[in-house]
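The values are calculated or read from the model by the stated rules, or taken from the named source; none is laboratory data. Quantities reported herein were computed from a predicted structural model and do not represent experimental measurements. Remember, those area values only see protein heavy atoms, side chains included, never the ligands or the DNA or RNA. Shrake-Rupley method; radii C 1.70, N 1.55, O 1.52, S 1.80 Å.
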Amino acid sequence: RVPFFLEPDYPEGAEFEETNRVRLLRKWGGKAGWEAQKERHNLKGRGREVGIEHFNLDRVASNTMASHRLVQWVTKTLGVNAAENMYNDLNQKHFEGGVKLNDREMLLEAAVAVGADRDAAAAFLEDENEGRPEIEAAQRQLRDLGVSGIPTLILGGKYQLPS
């Protein structure tokens, strides 16, 4: 899994807050553009197909560098299955529960829930440079490939297939 930032330019600090509703209105150029995107993507319908009854539209958006770094660390220390379980938990907490993805306490709880040592995970998060170069390199690669949304399938590390 390659990390993707919905809003790569958001400040990393916990003090920054913008609701997803405000973000989407801004991103799609106002209410008409937003309504057109909702119709085109049918996210509610697609979510219901996989058991998500309610996306929290007013969840607080945040920079996701810390969550991407921690998922990467869990992958390296506990394996892909633990990381995928954590990723699913984070998605539920954010998209349905409305929790910010840079909430350090929530991130630590999610890591511990998949078997991580709390102190080791906290130490990892505390060093904001740990794991960052790999995440930033992945972001550059996605930009170079022209990836602008998720999900996107990349074949052979070079070719983008339509999703």
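Figures for the structure shown
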| quantity | calculated |
| --- | --- |
| Helices (runs of 4 or more DSSP H) wholly inside the stretch 97-163 that include at least 2 residues being closer than 27 Å to ARG46 by Cα and open to solvent by less than 50 Å² (accessible area, probe 1.4 Å) | 104-113, 132-145 |
| From the options ARG21, ARG46, residue that is open to solvent by less than 90 Å² (accessible area, probe 1.4 Å), over 30 Å from ALA120 (Cα atoms) and modelled with pLDDT under 90 | ARG21 |
